[in-house]
Amino acid sequence: IDNPLLTFDDTIVRPGTNNTELEEYVQQFARLSDLEDRSELMLFGARLARDKHEAMSRYHAELTAPERALIRHEADKDAGFWKQSKFFRATIITASLAGMIQGWTQSANNGTIVGMPQDLHLCIKDDECAGNTADLWTFGMLNAIPLISAAVFGTTLADPLQENYLGRRGSVMVSCCITIASTIGASATHTVAQLAVCRAINGIGLGAKASIVPIYSAELSPEHIRAGAILANWQLADAAGIFLGFMANLIIVSSVHNVSSSWRILTNTVLIPTVPLLVLIYLMPESPRYLMKHGKYRKALEAFTAVQTTPLLASRDFMYAHAQLDFESRLLSGDTNDERGNLAQRIVGSHSNVQLALSGSESETPRRSVSLRGREIETTPNIAHVARPRDSHQRSTSRNKTARERDIELAGIGRRTGRRGSDSSSMDTDLGVRRIVKKENPYFYHIGVTGYFKRLLELWTNMRCRRALLSASVAMISQQMTGINTIAFLGTTVWENSLGTSDNPKVTAIIGLFFGAANYLGGLPAYWLSDKIGRSILLAAGLPNMAWSILVFALLFQIPEGSAVRVPLVSIFAIIFTLFYAPTAGTSPFSISAEVFPLVSREVGMAVSVAINLMGAGILVLVFPMLMHRIGTTGSLSIFAGLNIVAFFLVYLFVPETRRRTLEELQFTFDLRTRWHVEYRAIYIRKHFTKNWWKYVTRQKVRPPIPFYRWARITHAEEDNES
């Protein structure tokens, strides 16, 4: 929920306590979390998170001039990543090494196609081994097994490992150890079985890092830079690893002429980013949100302090994270059927059921109201007034009228007539639940540390999570439907069989290096395009361009082998295709998957999304060598032109936009029916662009279409009420 601190009144002192609702909430949290010595700073942080202009006015005399300037300009464009604390920058750069390991492993495995098949007595060249399909399947299996293992085992083990045993940092360290051991083992193998086992183990480490590190980076990042840049960072680090792996490949094939030794040396180059990550991640802070889910509040506050620029901003992020986790978990842990209700209705419905369960076990007469945050609420939603929340704690009371009109209407929480509060606080309910479930954490967001399979089941049983999973899955599988991994994983095979470069591996390595450079440099615009244009829109816009460019790329293989223009033209269009891919399908899927899930379900949701992506890549790498053998390079690559068009329609219809959507807006978006989003994109958005396409082309001012969640509330208001 976006900024639930706005639901607390901070102006009226309650009789009997001489505190406002916000003060009571902070004091109760400080007492239960054993942070009473930090209560004043936490209250300051909560007020800053609630409304920074109001807080700056209240504490004007206590703020230094640098602090006021920092708070006022924190979200400005020039206050991005490089203006954050040194420790935060070091942490994110260290985490990026994990993405680099994955990309480096891909290009290293690609490069080992020169030497490895000969060493293991596999025949994979069409002109020498016609009809030997068994070796082609074996070769495909060796390239696919780390990806399939990562999908099946790596992502599955990552969740319980990080949630129940080692945390984010410890799990990354274990995955690094797995990568180091399996990499050294793979370089010393002499049989297909030995290499298959080592690569399968290596895949476990790859899958674990891919599931953990993007979340770790996002959880450490301040909110105003978390979107876009940080979420795109994983794929850009992966692209950098691919480039550096191809560079290592070129260096090795140029200096080591014994192919039996060169592929083994190339395999071990993956250790270059792995060993530093193993050492440096130990020096980095643990994810504060992970610590909060496990009731380690003091350590969480210390972690926020380590990565923020001042203790005050750390306290703000700490209170904001607590309120988000607390409220969001109340929605997900309740048994309310009002999936489309506003925040007040859903919180009421959730806590009515919890309170009735408690009262049924502790008293004979169930209560007819629920105490939530010091307010007594009717068990049936009674909307007293309408409040308009800000989009995030970075926004202020000084927003203009247009911005206010675009806010989501959040119904206020009803009160009993003639009563300002309740004698018992919401923490009484929390503690009652804690006694029943025997959890150390005194808050409802203990849901984040429940069993893996329970949270996995929730992805299917909870409608909000299920719709988010559909969106993330479509985005992730669309990346594999582009066909990019035919080059990233099997480029050497394509060049050798289709361009006749097997006699000169240096040419193959140079083509791979240019591909890696285009993949990385082309991905850099994603840092600002993803926030300027949008993740879903950017992904959808890239797919048609990849369709025509890969079709031309495939047709160029029909140029006669003796032609002097064959290799240059094929290489150029491989780069053009990659430049369309890198800033769109290269980065958007991971950004979308990291944003769409609720905070308390993000780990398992991200793990499943990554598993789908890796499984798709594994199947592609497994079947493509045989496909290329059966129908040729042109035919096999042309298939992806059609798959890109299919992926475009899937993304366009089933992946809602998440750009600059607050958590509250995302909650509304994924509470709405999927078929409504299909109708929104197929009818409303199509008509909008049909009407205004010339204005977009000529860069005239166009009133943007209204967001999906607002359109659905207007268009399907009657159907929504009836259901």
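Search the stretch 177-219 for residues being aliphatic (A, V, I, L, M) and within 13 Å of the chain's Cα centre (by Cα), and hand back the single one that is nearest to Ala144 (Cα to Cα). Break it down stepwise before answering.
At the first step, the residues of the stretch 177-219 found to be aliphatic (A, V, I, L, M) are 178, 180-181, 184, 186, 188, 192-193, 195-197, 200-201, 204, 206, 208, 210, 212-213, 215, 218.
Pick out the ones that are also within 13 Å of the chain's Cα centre (by Cα) and you get 210, 212-213, 215, 218.
Working: Ala210: 17, Ile212: 22, Val213: 22, Ile215: 25, Ala218: 29 Å.
Taking the candidates together, the pick is Ala210.
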Pro560 being part of a loop (DSSP other than H, G, I, E, B), open to solvent by 40 Å² or more (accessible area, probe 1.4 Å), more than 26 Å from Met476 (Cβ to Cβ) and at pLDDT below 90
yes
Ala65 fails exactly one of the following numbered conditions: (1) at pLDDT 75 or above; (2) under 22 Å from the mean Cα position of the chain (by Cα). What is the number of that condition?
(2)
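Would you confirm whether or not the stretch 88-96 contains a residue that is in a helix (DSSP H, G or I), open to solvent by 30 Å² or more (accessible area, probe 1.4 Å) and either at pLDDT 85 or above or closer than 30 Å to Ser57 by Cβ (or both)? It would help to see each step written out before you state the result.
Our first condition is that a residue be in a helix (DSSP H, G or I); within the stretch 88-96, this holds for 88-96.
Keeping just the survivors that are open to solvent by 30 Å² or more (accessible area, probe 1.4 Å) gives 89-90, 93.
Filter once more, keeping what is either at pLDDT 85 or above or closer than 30 Å to Ser57 by Cβ (or both): 90, 93.
Within the stretch 88-96, one or more residues are in a helix (DSSP H, G or I), open to solvent by 30 Å² or more (accessible area, probe 1.4 Å) and either at pLDDT 85 or above or closer than 30 Å to Ser57 by Cβ (or both).
Only one of these is part of a helix (DSSP H, G or I), without any contact (Cβ under 8 Å) to a residue 12 or more places away in the chain and closer than 27 Å to Ile550 by Cβ: Phe640, Phe649. Name it.
Details: Phe640 fails: without any contact (Cβ under 8 Å) to a residue 12 or more places away in the chain.
The conditions single out Phe649.
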Restricting to the stretch 160-179, what's the tally of residues that are surrounded by 24 or more Cβ atoms within 10 Å (Cβ to Cβ) and not aliphatic (A, V, I, L, M)?
6
How about the stretch 525-544: which of its residues are open to solvent by 30 Å² or more (accessible area, probe 1.4 Å), over 16 Å from Ser638 (Cβ atoms) and modelled with pLDDT of 80 or more?
Pro525, Ile533, Ile537, Ala541
Just to be sure I understand the filter: pairs with C-beta atoms under 7 Å, separated by 6 or more residues or on different chains, first member in the stretch 678-692 and of a type in the set (Ser, Thr, Tyr), second member surrounded by 12 or more Cβ atoms within 10 Å (Cβ to Cβ). Which pairs pass?
Tyr680/Phe708; Tyr680/Trp711; Tyr680/Ala712; Tyr684/Pro705; Tyr684/Trp711
Across the stretch 507-544, the tally of residues that are touching a helix residue (DSSP H, G or I) at 6+ places or on another chain (Cβ under 7 Å) and among the basic types (Lys, Arg) stands at 1
So is Arg602 more than 24 Å from Val507 (Cβ to Cβ), out of contact with any Leu (no Cβ under 9 Å at 6 or more places or on another chain) and buried (at least 20 other Cβ atoms within 10 Å of the Cβ) or not?
yes
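Can we say Thr156 is open to solvent by 10 Å² or more (accessible area, probe 1.4 Å), touching a residue at least 24 places away in the same chain (Cβ under 8 Å) and at negative phi?
Yes.
Could you please give the count of residues in the stretch 240-257 that are out of contact with any helix residue (DSSP H, G or I) (no Cβ under 8 Å at 6 or more places or on another chain), part of a helix (DSSP H, G or I) and farther than 18 Å from Pro273 by Cβ? Let's see the steps before the verdict.
Just the residues of the stretch 240-257 that are out of contact with any helix residue (DSSP H, G or I) (no Cβ under 8 Å at 6 or more places or on another chain), to begin with: 251, 255, 257.
Cutting the leftovers down to part of a helix (DSSP H, G or I) gives us 251, 255.
Subsequent filtering for residues that are farther than 18 Å from Pro273 by Cβ retains 255.
The qualifying residues number 1.
For the structure I just gave you, tell me whether Thr64 is at negative phi and open to solvent by 30 Å² or more (accessible area, probe 1.4 Å). It would help to see each step written out before you state the result.
Working: at negative phi: yes; open to solvent by 30 Å² or more (accessible area, probe 1.4 Å): yes.
The answer is yes for Thr64.
The values are calculated or read from the model by the stated rules, or taken from the named source; none is laboratory data. All figures in this text were calculated on a predicted structure; none of them were measured in a lab. Note that we place each Cβ from the backbone using ideal geometry, even for glycine, and neighbour counts take in every protein chain shown. Just so you know, the surface numbers come from the protein's heavy atoms only, side chains and all, with ligands and any DNA or RNA stripped out. Shrake-Rupley method; radii C 1.70, N 1.55, O 1.52, S 1.80 Å.
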